[in-house]
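The values are calculated or read from the model by the stated rules, or taken from the named source; none is laboratory data. Please read these numbers as outputs of a predicted model, since none were measured by experiment. Note that each Cβ is placed from the backbone with ideal geometry, even for glycine, and that neighbours are counted across all protein chains shown. Calculation scope for accessible area: heavy atoms of the full protein, side chains included, ligands and nucleic acids excluded. Shrake-Rupley method; radii C 1.70, N 1.55, O 1.52, S 1.80 Å.
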Amino acid sequence: EDAVKKDQFSVFQILTRGFLCTPFLAYAVLLSVTLVTAGWSLAAAGLIFPVGFVMMLFLGLEMVTGGFSIMSIGLFAGRINMSGLLRNWSWTFIGNLLGGVFFAYLVWFSLTKGGMTEPAGVLATVAKIAEKKVSYANFGSMGLLSAIGMGILCNWLVSLGPIFAKASRSVPGKIMLLWLPIATFFSLGFEHAVVNMFVIPLGMLAGADVTVADWWMWNQIPVTIGNILGAVLFNAALWYTTHKPKV
């Protein structure tokens, strides 16, 4: 039913909800990176990261990685068609990307006084993270496969967030259930396409040794492919199919 609802959105609605989504994830990234910069471990900071997903979910915004699972289930259930699925995925991806790049520039501009001060603190940490996220280039074709694998491991888990939340009807219950997969993925350091739409551009603005080609070739494209495979294969094709109601 969620897939049917999403399929009825106009392009403007999808783009707007996608654009608004990424900044809330970015707020959570900045909070977590602030804690890491202050000396917290990544695992501990990851326990705080789901605040962004909670805000995004309750505001009814669109995140393409969740759509990879929800829309696929709608397709397998016969409630939407392939064109509706591709329409949702493509426009949500564009909206998420625009929101991530815009928010990255806004954060960089604000923290560096329009570039008049050197990036430091959180920005310096994000720059190092961005460089690490494209380090798959050091391993050639195996690096690409590794990036795809990190995307699969991420969205096999993350795209179940909105599904987990349906197991409770209360707001506290939904938050608790949503917290489980999101905190786990971030603490383990797997790759999430939408989060990277903010982290890598901000790292580049902060002086990371990363080009646009590096970003897309060695992270964004393979990670997105992995996120799609994780959601479609394991959550829609296997999990949903084994639980779908008999006609």
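Hey, if you put +1 on the Cβ of every Lys and Arg and -1 on every Asp and Glu Cβ in the chain, which of Leu106, Leu20, Met116 ends up farthest toward the positive end of that dipole?
Leu20
Calculate the FRET efficiency for Ala43 and Ser135 from the Cβ-Cβ distance with a Förster distance of 22 Å, rounded to the nearest 0.05.
Details: r = 20 Å, r/R0 = 0.92.
For Ala43 and Ser135, the calculated efficiency is 0.60.
Using unit Cβ charges (K, R positive; D, E negative) and no other charged atoms, how large, in debye to the nearest 20, is the dipole of the chain about its Cα centre?
Roughly 700 debye, rounded to the nearest 20.
Beyond 15 Å, what share of the Cα-Cα pairs of the range 54-103 is found? Please give it as a whole percent.
Details: 613 of 1225 pairs.
Roughly 50 percent, rounded to a whole number.
Helix by helix through the chain, keep the DSSP H runs that span 20 Å or more along the axis on Cα and average at least 0.0 on Kyte-Doolittle, and give those back in order.
11-37, 82-111, 140-158, 171-188
Per residue, how large is the accessible surface of the chain? Use a 1.4 angstrom probe and give square angstrom.
Values: 11650 Å² over 247 residues.
Normalised by residue count, the accessible surface of the chain is 47 Å².
Could you let me know the centre-to-centre spacing of the range 49-102 and the range 189-244, using Cα atoms, in angstrom?
A separation of 13 Å, based on Cα centres.
Using 20 Å as the cut-off for backbone N distance, which residues of the range 43-60 belong to the label zone defined by a point 7 Å from the Cα of Lys5 along Cα→Cβ?
Zone members listed by number: 52-60.
Quick one: among Val36, Val199, Val171, which has the greatest mean-square fluctuation in a GNM of the chain with alpha-carbon springs under 10 angstrom?
Of Val36, Val199, Val171, the most mobile in the Gaussian network model is Val171.
Can you compute the helix-only [θ] at 222 nm over the chain? Use -39500 (n - 2.57) per DSSP H run of at least 4 residues, normalise by all residues, nearest 500 deg cm²/dmol. Write out the running numbers ahead of the final one.
Details: 13 runs with 168 residues, N = 247.
Calculated at 222 nm, the ellipticity per residue is -21500 deg cm²/dmol.
Take the chain, mark every one of the trypsin sites (Lys or Arg not before Pro) that falls in a DSSP loop and has at most 14 other Cβ within 10 Å, then report the longest stretch left between them, sites excluded.
So the longest stretch without any such site is 1-112.
Which whole-number percent gives the relative contact order of the range 74-221, counting Cα pairs below 8 Å spaced six or more residues apart?
37 percent
Give the carbon-plus-sulfur fraction of the accessible surface of the chain in %, rounded to a whole number; probe 1.4 Å, heavy atoms of protein chains only. Working shown, then result.
Numbers: 8330 of 11650 Å².
After summing per-atom areas, the C and S share lands at 71 percent.
Where does the Debye-calculated log10 I(q)/I(0) of the range 1-160 sit at q = 0.08, 0.13 Å⁻¹, using only Cα point scatterers of equal weight, no solvent?
Summing over Cα pairs of the range 1-160 leads to -0.29, -0.74.
Tell me, what is the FRET efficiency for Leu98 and Thr34 to the nearest 0.05, using R0 = 22 angstrom and their Cβ-Cβ distance as r?
According to the calculation, E is roughly 0.35.
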